[in-house]
Amino acid sequence: MKHAVTFQLHKTDTRTKARRGTLFTPHGRIETPVFMPVGTQATVKAIKTDAVRHLGAEGAHILLANTYHLYLRPGHEIIREAGGLHAFMNWDGAILTDSGGFQVFSLGDLRKITEEGVAFRSHIDGSAHMFTPEKSIEVQQALGADIIMAFDECAPYPADRSYVEQSLQRTTRWLQRCKQHHRNEDRQSLFGIMQGGMYSDLRRQSAEQIVELDLPGYAIGGLSVGEPKPLMYEVLDACVDYLPAEKPRYLMGVGSPDCLFEGVERGIDLFDCVLPTRIARNGTAFTSRGRVSVKNAKYARDFGPLDPNCDCDTCRNYSLAYLRHLYKADEILSSMLLTEHNLYFLVHTMEQIRKSIEEDRFLEYKKTFLEGGGGCE
């Protein structure tokens, strides 16, 4: 069977697991490793799609949207009538939709898990709903994303071993149901999700089960859910080795610069996170010298750029003093300018990471970047 999304591996770093590849999708090619801006509700908050297209030297070519949120509002049938997400949000690049699993499981007392699926109440109006693997696939097919994710159970941190083991087995059974219900293989590719919490042997077990289904790509879920970063890296070390080298690997929900470097070093190809847009709305920016909060009073008379080493529109045209003024005055433009900068910063960093892998100097670039403060922990 010909998959809608395919992957070509070009080069692996000689000293690490870092890899350079290309993801081919119905809406264009994606150079990897890549960071995907998050457009939860069919929009990347505080930035137009045209601006997203021109981030960095090469632009961003893939976005993530959210099944749970779009199912509740405006509804997947409305988006289907609009011609799918690409037409609805005026985006001609690739789109990945997550299954809604993480959002549903984050509802706490508002949801109930059974073998059939998850019954939950909307966070918007309290109305009752049911997500099953079949329903998640149905919604994602209506949305029309290039890559759709299996409906999985994301175990919380911490969680005892017996619960995590039951959870990963359910995730595997749900993945099998997702695959059986998936109908648009020529237009959409279904990725499976590895679970298993912080237990390396359970991660191996999960990987063996999902890889057996021979899907076009695999994600690592259940990390960056509150565990310490050293533990995340330790688990990630084991996870990557359990996944096939010829398929793309996606680390879900990770997007701080230091984590991007650590993930790439361990062989990850795709990343996503709301972090850069969320902290932008709170007045914080990633820069080459570390995180900068424009709220800080010392910037009131700083007429230099936010980051002198950045070539984004914000840094070329606006001063720190002005950005601080906008934030303090509660102006919408503050979120727009800081969002564009943060996304540009990450997209540009990933461009440089790709170049460093091609030139076999990834570790040197990582060292220079992190020592300069750009890791922004």
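If you check 144, 93 for being buried (at least 18 other Cβ atoms within 10 Å of the Cβ), in contact (Cβ under 8 Å) with a residue 60 or more places away in the chain and over 30 Å from residue 170 (Cα atoms), only one passes: 93. Filter region 75-90 down to residues that are loosely packed, with under 15 Cβ neighbours inside 10 Å and either among the β-branched types (Val, Ile, Thr) or not in a loop (DSSP other than H, G, I, E, B) (or both) and give me whichever is nearest to the chain's Cα centre (by Cα). Of everything passing the filter in region 75-90, 87 is nearest to the chain's Cα centre (by Cα).
Checked against (1) assigned to a strand (DSSP E or B); (2) without any contact (Cβ under 8 Å) to a residue 60 or more places away in the chain; (3) within 28 Å of residue 338 (Cα to Cα), residue 35 passes all but condition (2).
Only residues that are modelled with pLDDT of 90 or more, of a type in the set (Gly, Ala, Ser) and within 24 Å of the chain's Cα centre (by Cα): list them for region 103-121, please. 117 - this is the single residue of region 103-121 that is modelled with pLDDT of 90 or more, of a type in the set (Gly, Ala, Ser) and within 24 Å of the chain's Cα centre (by Cα). When residue 33 is tested against the conditions (1) within 16 Å of residue 219 (Cβ to Cβ); (2) touching a strand residue (DSSP E or B) at 6+ places or on another chain (Cβ under 6 Å), the lone failure is (2).
Taken over region 318-347, the criterion of being closer than 23 Å to residue 10 by Cα and either assigned to a loop (DSSP other than H, G, I, E, B) or touching a Phe, Trp or Tyr at 6+ places or on another chain (Cβ under 6 Å) (or both) is satisfied by 346 alone.
The set of residues in region 15-45 that are closer than 14 Å to residue 354 by Cα and either of a type in the set (A, V, I, L, M, F, W, C) or open to solvent by 60 Å² or more (accessible area, probe 1.4 Å) (or both) comprises 17, 18, 23, 30, 34, 35.
For region 66-74, the criterion of a residue being open to solvent by 20 Å² or more (accessible area, probe 1.4 Å) and on the phi > 0 side of the Ramachandran plot is satisfied by no position. For the structure I just gave you, tell me whether residue 52 is in contact with a Pro (Cβ under 7 Å, 6 or more places away or on another chain), touching a residue at least 12 places away in the same chain (Cβ under 8 Å) and either basic (Lys, Arg) or part of a loop (DSSP other than H, G, I, E, B) (or both). Criteria not met by residue 52. Scanning region 257-276 for residues that are in contact (Cβ under 8 Å) with a residue 60 or more places away in the chain, closer than 18 Å to residue 339 by Cβ and open to solvent by 10 Å² or more (accessible area, probe 1.4 Å), we see that the one that is nearest to the chain's Cα centre (by Cα) is 272. Among residues that are more than 19 Å from residue 54 (Cα to Cα), open to solvent by less than 10 Å² (accessible area, probe 1.4 Å) and touching a Cys at 6+ places or on another chain (Cβ under 7 Å), residue 306 is included. Can you name the residue in region 179-204 that is at pLDDT 95 or above, open to solvent by 50 Å² or more (accessible area, probe 1.4 Å) and not aromatic (Phe, Trp, Tyr) and, of all such residues, is farthest from residue 150 (Cα to Cα)? So, considering only residues that are at pLDDT 95 or above, open to solvent by 50 Å² or more (accessible area, probe 1.4 Å) and not aromatic (Phe, Trp, Tyr), the one farthest from residue 150 (Cα to Cα) is 201.
Does residue 127 count as closer than 16 Å to residue 40 by Cβ, of a type in the set (Gly, Ala, Ser) and over 18 Å from the mean Cα position of the chain (by Cα)? Spelling it out, it is not the case that residue 127 is closer than 16 Å to residue 40 by Cβ, of a type in the set (Gly, Ala, Ser) and over 18 Å from the mean Cα position of the chain (by Cα). When region 348-377 is limited to residues that are in a loop (DSSP other than H, G, I, E, B) and open to solvent by less than 30 Å² (accessible area, probe 1.4 Å), the one that is nearest to residue 18 (Cα to Cα) turns out to be 375. Just one residue in the set 152, 201 is in contact (Cβ under 8 Å) with a residue 60 or more places away in the chain and either among the acidic types (Asp, Glu) or under 20 Å from residue 71 (Cβ atoms) (or both); that residue is 152.
Picking from 322, 318, 327, which residue would you name as being open to solvent by 20 Å² or more (accessible area, probe 1.4 Å), in contact with a Ser or Thr (Cβ under 8 Å, 6 or more places away or on another chain) and among the hydroxyl-bearing types (Ser, Thr, Tyr)? Being open to solvent by 20 Å² or more (accessible area, probe 1.4 Å), in contact with a Ser or Thr (Cβ under 8 Å, 6 or more places away or on another chain) and among the hydroxyl-bearing types (Ser, Thr, Tyr) holds for just one of 322, 318, 327, which is 327.
The values are calculated or read from the model by the stated rules, or taken from the named source; none is laboratory data. No experiment lies behind these values; they were computed from the predicted model shown. Note: ideal-geometry Cβ built from the backbone for every residue, glycine included; neighbour counts use all protein chains shown. Only protein heavy atoms, including side chains, enter the accessible area calculation; ligands, DNA and RNA are left aside. Shrake-Rupley method; radii C 1.70, N 1.55, O 1.52, S 1.80 Å.
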